[in-house]
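Heads up: the structure comes next, in structure tokens.
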Amino acid sequence: MENVPSGFPATIEIDYPDRELDRLTTVFRLFTIIPIAVIFALLTRGTVHAGAANHVVGSGGIVFLATVLMLFRQKYPRWWFDWNLALTRFSTRVAVYLALLRDEYPSTDDEQAVHIQIPYPDAKQELNRWLPLVKWFLAIPHYVVLWLLSIAAFFCVVVAWFAILFTGRYPRSLFDFVVGVFRWWLRVAAYAFLLTTDRYPPFSTDA
């Protein structure tokens, strides 16, 4: 099992760039992200139609529906978990770059400055076989709050865009808030879609 800090079994830490960020790529971030966004789209859309994978991969490239069915047998195939975790890490690196939190171009495999840890669950001991059927529904209150928080995070990114242009730095308070929203989203995803934990996510952006 992977080493994960105590607390909710899905964590994210993003290194704060305590230096001047690249102003040029910040200005044109919506354009510079296009190549890696295309790769991400090909991964998440292309796998859905790739032969046998059509029976395994769910919406957006995450192995979801098949995992729901396998949990009835109290199994979570390790390679499905590894795929979901790798795709979650990759998509988060892309989102972090878009949110201006880092200026390194997103890697398809290296961790870089985005550290996500989710432990591989013991399906027999830790996961209820029936709960995946209703987790998406139980998480509805989180969707509502996260929708509002995501709007606030968007405006934080806009303010940070101007701050980086003039000062070269991402205001620390805005950085911490946006990272907190990412953290909340990850916890909800681990509970409702990755299905790696039955622990209900806290209503908090704190680590």
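The values are calculated or read from the model by the stated rules, or taken from the named source; none is laboratory data. Predicted model only: the values in this text are computed from it and were never measured. Note that each Cβ is placed from the backbone with ideal geometry, even for glycine, and that neighbours are counted across all protein chains shown. The accessibility values were calculated without ligands, DNA or RNA, using every heavy atom of the protein model including side chains. Shrake-Rupley method; radii C 1.70, N 1.55, O 1.52, S 1.80 Å.
Flag: residue 84 does not match the condition of being open to solvent by 40 Å² or more (accessible area, probe 1.4 Å) and either more than 23 Å from residue 30 (Cβ to Cβ) or modelled with pLDDT under 95 (or both). Residue 178: more than 30 Å from residue 79 (Cβ to Cβ), within 15 Å of the chain's Cα centre (by Cα), in a helix (DSSP H, G or I) and modelled with pLDDT of 95 or more, yes or no? The answer is yes for residue 178. Listed by first and then second residue, the pairs linking a residue in segment 181-194 that is closer than 15 Å to residue 144 by Cβ and open to solvent by less than 10 Å² (accessible area, probe 1.4 Å) to a residue that is of a type outside the set (A, V, I, L, M, F, W, C) and outside any helix (DSSP H, G or I), with Cβ atoms under 6 Å apart and 6 or more places separating them unless they lie on different chains, are 188/201.
On the stretch given as segment 6-18, residues that are modelled with pLDDT under 95 and open to solvent by 80 Å² or more (accessible area, probe 1.4 Å) total 2.
The residues of segment 110-129 that are in contact (Cβ under 8 Å) with a residue 12 or more places away in the chain, within 30 Å of residue 21 (Cα to Cα), out of contact with any Ser or Thr (no Cβ under 7 Å at 6 or more places or on another chain) and not polar (S, T, N, Q), listed by number, are 111, 113, 115.
Taking (1) under 13 Å from residue 191 (Cα atoms); (2) open to solvent by 10 Å² or more (accessible area, probe 1.4 Å) in turn, residue 132 satisfies each apart from (2).
Scanning segment 76-97 for residues that are assigned to a helix (DSSP H, G or I) and either in contact (Cβ under 8 Å) with a residue 60 or more places away in the chain or aliphatic (A, V, I, L, M) (or both) yields 81, 84, 85, 86, 87, 88, 92, 94, 95, 96, 97.
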